[in-house]
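Encoded as C-alpha cells, the structure appears first; notes follow it.
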Amino acid sequence: MTSRWMVWCAVGAALLGLVGCGSTVAGTPTWPGAVLHKMLLTQADFPAGVQFDRIREDPGAPDGAGGPPSMLSKPPGCANALTDVISRSAERGPGSAAKYVVSYDGARIQMAVLSWSLDLDALAATAGRCEHFETFFDAQSPGIPITTTRLPSSDGTLTYRQTMDLAGQQNSVYMAFANVGRYAVFGVVFPTEDPSIPVKATLPQTFTDIVDRQVARMRGA
C-alpha cells in the first residue's frame, strides 16, 4: 500500500521544499541570516528528549529541489495550491529563511521563519477553493480525496487541517501561516510515530502551541 508519508510529501513537495522536506543537520548554520536565526525557537524551548535540528540547505537551490514532483489534482492545482501562493511573493537566496524540525513520538514538525510577509488573504481564499479535492499519482490512478478545514486560531494565524482518505483510512496533517511585522512564519506537522522519542505529541495541540511560541519569540526579538 502506498505510504501516507509518500502521499503527503508529494502533495506538499514545493511547500515542504520551502520548509525543508529533506535531511536535517544539527548545529549552527554558517550562511547569512543572523536576524532570522535570533528569532528561532531553540532546543532549550522544548522538553528534554524532544529532537530539535536546524535545517541546513543550499540557499541557491530552487523550491522543492530533491523532492517528489507535485501530484495531479481535481480541481487542477489544488495539490500545490498553497505552495503557489507562497512562491509568488517569496524572497530567495541566503538569509531569506531560517528553518528547523522538531520531532516527538507522534509528530514531525517543520517550521520556517521568513524574511517576507505572506499573502494571508490569498492563502485563505485558495484553501477555500481547495476545501475538497482529489489528488492522483498519474492520470490512470484512482483519486485520493483530501479535505481542507480551517481551525480556530488567535492573532490572525491561519491554521488548517488537511485530511486524506487513503484506502478507507483517514490521516491528517496540519499547517499554519502567520505574519509578524515584516516577517512571517509557517509550519507543517506530519503524524509520525517514533517510540524511541520519550515525549509524546498530541495533535493538533502540540503543533499549535509551537506555532504560538514561535510567533511570540518573533514579536519579542
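The values are calculated or read from the model by the stated rules, or taken from the named source; none is laboratory data. If you're wondering where the values come from, they're calculated on a predicted model, not measured in any experiment. Using ideal geometry, Cβ is built from the backbone for each residue, glycine included, and neighbour counts are taken over all protein chains shown. What goes into the accessible areas is simple: the full protein's heavy atoms, side chains included, and nothing from ligands, DNA or RNA. Shrake-Rupley method; radii C 1.70, N 1.55, O 1.52, S 1.80 Å.
Take the solvent-accessible surface of the protein heavy atoms, probe 1.4 Å, and return the percent of it on the stretch 97-213 that carbon and sulfur atoms account for. Carbon plus sulfur share of accessible area: 49 percent. For the stretch 163-186 and the stretch 79-123, what is the separation of their Cα centres, given in Å? Computed from Cα coordinates, the inter-centre distance equals 11 Å. On the basis of the beta-carbon distance and an R0 of 30 Å, Leu120 and Ser196 show a calculated FRET efficiency of 0.20. Applying 0.36 nm per residue to the separation of Ala167 and Arg150 and subtracting their alpha-carbon distance, the gain on full extension is 3.7 nm.
Summarising the strand pairing of the stretch 100-221, around 95 percent of its internal DSSP beta bridges are antiparallel. Looking at the stretch 146-217, the accessible area is 45 square angstrom per residue; that uses a 1.4 Å probe and ignores ligands, DNA and RNA. The fraction of all Cα pairs in the stretch 89-195 landing in successive 10 Å bins from 0 to the largest distance is 13, 36, 35, 14, 1, given as whole percents.
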